[in-house]
Every structure is written in C-alpha cells, then in structure tokens.
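Undergrad: Input: one structure, supplied below.
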Amino acid sequence: MKGTKRLVWLALLVAQALVLSIVESWIPVPVAIPGVKLGLANIITIVVIVFFGWKEALSVVFMRVALASFFGGGLIIFLFSIAGGILSACVMAFLYRKFSRIFGILGISIAGAVSHNLGQIMVATVIMKDIAVTAYLPILLVSGIIMGCFVGLCGNFLIEALRKTGYFT
C-alpha cells in the first residue's frame with residue numbers, strides 16, 4: 001500500500017489509538033495501585049507493527065501520546081507515556097520481526113506491556129531522583145503480564161479479522 005491510502009489508514013489508526021486511550025482513562029481499574037492501566041491503545045500499536053512496520057508504529061505511538069497528553073495530561077504524563085510507548089513499540093517490533101514464530105502476538109504483547117512499565121519506571125526514577133521507585137516494579141510487571149495477555153488476545157483477534165478482509169494487502 002502506498003501514498004494517500006497508506007496515510008489515511010495510519011491517520012485512522014492514530015485516531016483509534018487515541019480513542020482507546022481516552023476511553024481507557026474513563027475505566028476504573030479495580031486495583032488501588034496508581035499507574036496500572038489496561039493499555040488498550042497497544043492493540044493498535046500491534047496492528048500497525050504487523051501491517052505497516054516499526055517506523056509507522058513509532059509514528060502512531062508518538063502521535064497518540066502527544067494528542068492524549070494535549071487533551072488530558074501534561075508534560076509529566078507525556079514523559080511517562082512516551083518513554084513507555086516508544087520502548088514498548090520498539091520491543092514489540094523487534095520481537096515480531098525476529099521471533100514472531102516463537103512468541104506469537106500474545107507473547108509479543110506481554111513483552112511490550114512489561115517493557116512499557118520498565119520505560120515508565122526509568123522516567124519515574126529520573127524525575128523523582130530516587131532509585132527507591134524501582135520497588136514498585138514487581139507490581140507493575142505482574143499487571144503488565146496480565147494486561148499484556150488481554151491486549152495480545154484482542155490484537156490477535158483484530159489482526160486475523162483484518163487479514164480476512166484484505167484491507168492492508
């Protein structure tokens with residue numbers, strides 16, 4: 001797919017990721033742990049990696065994070081989100097390109113969720129100037145594994161449905 005059609009699809013995927021991000025902010029996560037989120041926008045990131053590639057995935061992540069921060073965040077939220085989003089997209093793109101037959105979409109999504117949390121912990125450590133923030137990591141890793149499974153299952157379902165339609169061929 002080339003040119004305008006590709007640009008339109010990527011713009012639609014940015015919009016979908018943004019909507020998922022905003023809707024996710026409205027969903028109360030049933031744990032009293034700050035920072036634990038569903039990661040629904042990563043469904044779109046996985047789809048972009050599979051059908052378009054890593055450069056486009058990074059572009060979609062950046063646009064989604066920038067717009068979501070503009071609409072309901074700020075600089076600190078942007079820093080946390082962009083660090084997690086970029087690291088997550090890079091890890092998922094690498095695993096998809098090199099090891100997709102070993103891990104599958106589910107495993108790639110879990111790795112993406114865990115790396116997203118690692119990126120956020122790195123930013124928190126720098127912003128707070130305290131390594132003690134890493135004590136929060138086990139909680140975030142467990143939630144990342146759980147949410148990564150959910151996002152991976154949804155992503156896999158969407159990828160298979162899109163392959164059947166032939167939109168991205």
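The values are calculated or read from the model by the stated rules, or taken from the named source; none is laboratory data. Keep in mind that what you see is a predicted model, and the values were worked out from it rather than measured. Counting neighbours? That spans all protein chains shown, and the Cβs are built from the backbone with ideal geometry, glycine included.
Yes/no per residue for (1) modelled with pLDDT of 95 or more; (2) more than 26 Å from F168 (Cα to Cα):
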site	(1), (2)
G3	no, no
V8	no, no
W26	no, yes
P30	no, yes
I49	yes, no
E56	yes, no
V61	yes, no
L67	no, no
G74	no, yes
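Undergrad: Still on this structure, I have one more. Applying the selection to region 1-27, what residues are among the hydroxyl-bearing types (S, T, Y) and within 27 Å of L38 (Cβ to Cβ)?
TA: Once the filter is applied, which keeps residues that are among the hydroxyl-bearing types (S, T, Y) and within 27 Å of L38 (Cβ to Cβ), region 1-27 yields S21, S25.
Undergrad: Additional query: Quick check on this structure: which one of I121, I86, I82, I131 is surrounded by fewer than 24 Cβ atoms within 10 Å (Cβ to Cβ), free of Cβ contacts under 8 Å to residues at least 60 places away in the same chain and in contact with a Gly (Cβ under 8 Å, 6 or more places away or on another chain)?
TA: Result: I86 is the single residue among I121, I86, I82, I131 that is surrounded by fewer than 24 Cβ atoms within 10 Å (Cβ to Cβ), free of Cβ contacts under 8 Å to residues at least 60 places away in the same chain and in contact with a Gly (Cβ under 8 Å, 6 or more places away or on another chain).
Undergrad: Examine region 96-107 for a residue that is surrounded by 15 or more Cβ atoms within 10 Å (Cβ to Cβ), β-branched (V, I, T) and closer than 19 Å to I44 by Cβ, and state whether such a residue exists.
TA: Yes, that holds for at least one residue.
Undergrad: Restricting attention to region 134-168, and to residues there that are touching a residue at least 40 places away in the same chain (Cβ under 8 Å) and of a type in the set (V, I, T), which single residue is nearest to L12 (Cα to Cα)?
TA: Once the filter is applied, the top-ranked residue is I159.
Undergrad: State whether the residues of region 60-75 include one that is basic (K, R), farther than 25 Å from A124 by Cβ and out of contact with any Lys or Arg (no Cβ under 9 Å at 6 or more places or on another chain).
TA: no
Undergrad: To continue, here is another question. How many residues does region 40-92 hold that are within 28 Å of M1 (Cα to Cα) and part of a helix (DSSP H, G or I)?
TA: Qualifying residue count, region 40-92: 35.
Undergrad: For residues that are under 20 Å from F157 (Cβ atoms) and touching a Gly at 6+ places or on another chain (Cβ under 7 Å), tally how many sit in region 89-105.
TA: Residues flagged as under 20 Å from F157 (Cβ atoms) and touching a Gly at 6+ places or on another chain (Cβ under 7 Å) within region 89-105 amount to 2.
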